[in-house]
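Chemist: This is the structure I have questions about; it appears just below.
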Amino acid sequence: MPKIIFLPNPEHCPEGAVVEAEKGETILAAAARIDIDIEHACEMSCACTTCHVVVREGLDSMEESDELEDDMLDKAWGLEPDSRLSCQAVVADEDLVIEIPKYTINQVSEKH
């Protein structure tokens, strides 16, 4: 079973975390199983960017994002080339290293 390694994040998992993921499971679903609460304002329908994560290792093992996810990602705060929406990013055969960004677009908007 592939593992998802979550890098330390002060709000979501200060010590970092590791979870065994089922092939075909989303990053968001795997995170939720170990009580890492990644925001997902649209209830996993690919209609927002609140579940944005960065895949630091293992991105090549995953299916590429589709056009709808890419359109949403274009609106993400702190977008990087290896960014994905965790509600759409499906685990394949390889381990993944995931960084949960410090801010989401919702958090940035609330600060203004």
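The values are calculated or read from the model by the stated rules, or taken from the named source; none is laboratory data. Keep in mind that this is a model prediction, so the values were computed, not measured. As a convention, Cβ positions derive from the backbone with ideal geometry for all residues, glycine included, and neighbour counts pool all protein chains shown. Ligands, DNA and RNA are excluded from the accessible area calculation, which covers all protein heavy atoms including side chains. Shrake-Rupley method; radii C 1.70, N 1.55, O 1.52, S 1.80 Å.
Chemist: From Cα pairs below 8 angstrom and at least 6 apart in sequence, can you work out the relative contact order of the chain, rounded to a whole percent?
Modeler: 36 percent
Chemist: Heavy atoms only, 1.4 Å probe, whole protein assembly: order Glu39, Glu64 by accessible area, highest first.
Modeler: Glu64, Glu39
Chemist: DSSP loop trypsin sites (Lys or Arg not before Pro) in segment 4-73 with at most 12 other Cβ atoms within 10 Å of their Cβ, which ones?
Modeler: Lys23
Chemist: Further question: What fraction of the DSSP beta bridges in the chain is antiparallel, stated in percent and rounded to the nearest 5?
Modeler: Here the antiparallel bridges make up roughly 80 percent for the chain.
Chemist: With +1 on each Lys and Arg Cβ and -1 on each Asp and Glu Cβ, and nothing else charged, work out how big the dipole of segment 1-90 is about its Cα centre, in Debye to the nearest 20.
Modeler: 280 debye
Chemist: I would also like to ask the following. Apply the Karplus curve 6.51 cos²θ - 1.76 cosθ + 1.60, θ = phi - 60°, to the phi angles in segment 51-64 and return the couplings in whole Hz, x for Gly and Pro.
Modeler: Here the 3J(HN,Hα) series is 9, 4, 9, 10, 8, 7, 9, x, 4, 5, 7, 8, 5, 5 Hz.
Chemist: How big is the C-alpha Rg of the chain next to the rule-of-thumb value 2.2 N^0.38 Å, as a ratio?
Modeler: Here the answer is 0.97, to two decimals.
Chemist: Now for a separate question. Sum -39500 (n - 2.57) across every DSSP H segment of at least 4 residues in the chain, then divide by the residue count to get the 222 nm mean residue ellipticity, nearest 500.
Modeler: One gets -4500 deg cm²/dmol as the mean residue ellipticity at 222 nm.
Chemist: Let me ask another. Please state the shape class of segment 41-100: rounded when a/c is under 1.5, otherwise prolate if a/b exceeds b/c and oblate if not, all from the C-alpha gyration tensor.
Modeler: prolate
Chemist: Any idea how many Lys pairs in the chain come in under 18 angstrom at the alpha carbon, given 8 or more places apart or on separate chains?
Modeler: Here the count comes out as 4.
Chemist: Given the protein chains as shown and a 1.4 Å probe, how many square angstrom of Glu67 are accessible, to the nearest 10?
Modeler: Per-residue accessible area (Glu67): approximately 140 Å².
Chemist: Here is a follow-up. Counting only heavy atoms of the protein chains, get the accessible area per residue of the chain (1.4 Å probe) and round it to a whole Å² value.
Modeler: On a per-residue basis, 56 Å².
Chemist: What is the percent carbon and sulfur in the accessible area of segment 1-100, measuring with a 1.4 Å probe over the protein chains and ignoring ligands?
Modeler: Ligands and nucleic acids excluded, carbon and sulfur reach 47 percent.
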